[in-house]
Amino acid sequence: MNRTADLEADVAEVLLSESEIQAKVAELGARISADYAGRELTLVSVLKGSLPFMADLMRALTIPVRIDLMEVSSYGGSSTESTGLVRILKDLSASIEGQEVLIVEDIIDTGLTLNYLLRYLRGKNPSSLRICTLLDKPARRLVEIPVDYVGFTIPDRFVIGYGLDFGELYRNLRFVGVLRPEVYAAAD
Ligand code: IMP
């Protein structure tokens, strides 16, 4: 294993600093609060990667919000590739029927996970269903996804930090970065 005990020592490059992320979250929070002014919103976040974004975004909103959490995982695939076969590990804990729902995602890569989730959540009859993602990697998209709010569009690189993991680690970094090639190579 080529990983060190020092998480930051494994990072080759910081793509988005903590202050850039926080400024973007504030901007998204203001936009969403304006768009849903006078209404209530249900945020549905997808664990585990969206946890820091959800926690920060909900506190940047000034409208009344409910939150719910789902957890999904892809079947098979490697640690950096998704397969599109999605399994629900944790379902919604309350009905979203008739509610205005905003999905809060960490990253859209191929779009396969969200494509599945959109169909699943539409079947629960919310009055509206929109998507907010912190990161978008359009270069790898396999299915078209109507994304309403995007924090940052990033190049086709496997990123970690601010909720995003590699082998379940690095989620607690406060920035988004790229690991040293040896660290990725050691795990596959
Ligand atoms: P998609 O189904 O290919 O759009 O992938 C969505 C999920 O794959 C995300 O919610 C992440 O959990 C994971 N993922 C995709 N790209 C990355 C990345 O660059 N770093 C960490 N996780 C990623």
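With respect to the chain, whose longest principal axis is taken over its alpha-carbon atoms, helix 18-35 is tilted by about 20°. Against the chain, whose longest principal axis comes from its Cα atoms, helix 112-122 is set at around 20 degrees.
Could you work out what % of the accessible surface of the range 92-188 is carbon and sulfur, using a 1.4 angstrom probe and leaving DNA, RNA and ligands out of the count? With neighbouring chains kept in place, the figure for the range 92-188 is 49 percent. For the peptides 144-151, 31-38, residues were scored by their other Cβ atoms within 10 Å and the scores averaged per peptide; the highest-first order is 144-151, 31-38. Estimated at 0.36 nm per residue, the fully extended path between ALA139 and ILE67 surpasses their Cα-Cα distance by 22.9 nm. Against the empirical curve 2.2 N^0.38 Å, the C-alpha radius of gyration of the chain lands at a ratio of 1.02. Among residues other than SER45 with Cβ under 10 Å from its Cβ, the summed charge is -3 (Lys and Arg +1, Asp and Glu -1). Accessible area per residue for the range 104-188, computed on protein heavy atoms with a 1.4 Å probe, is 43 Å². When all protein chains stay in place and ligands, DNA and RNA are ignored, the 1.4 Å accessible-area order of GLU27, GLU105, largest first, is GLU27, GLU105.
The values are calculated or read from the model by the stated rules, or taken from the named source; none is laboratory data. This one's a predicted model, so the numbers in the text were calculated from it and none came from an experiment. Backbone-built Cβ (ideal geometry, glycine too); neighbour counts: all protein chains shown. Just the protein is used for accessible areas: all its heavy atoms, side chains included, with ligands, DNA and RNA removed. Shrake-Rupley method; radii C 1.70, N 1.55, O 1.52, S 1.80 Å.
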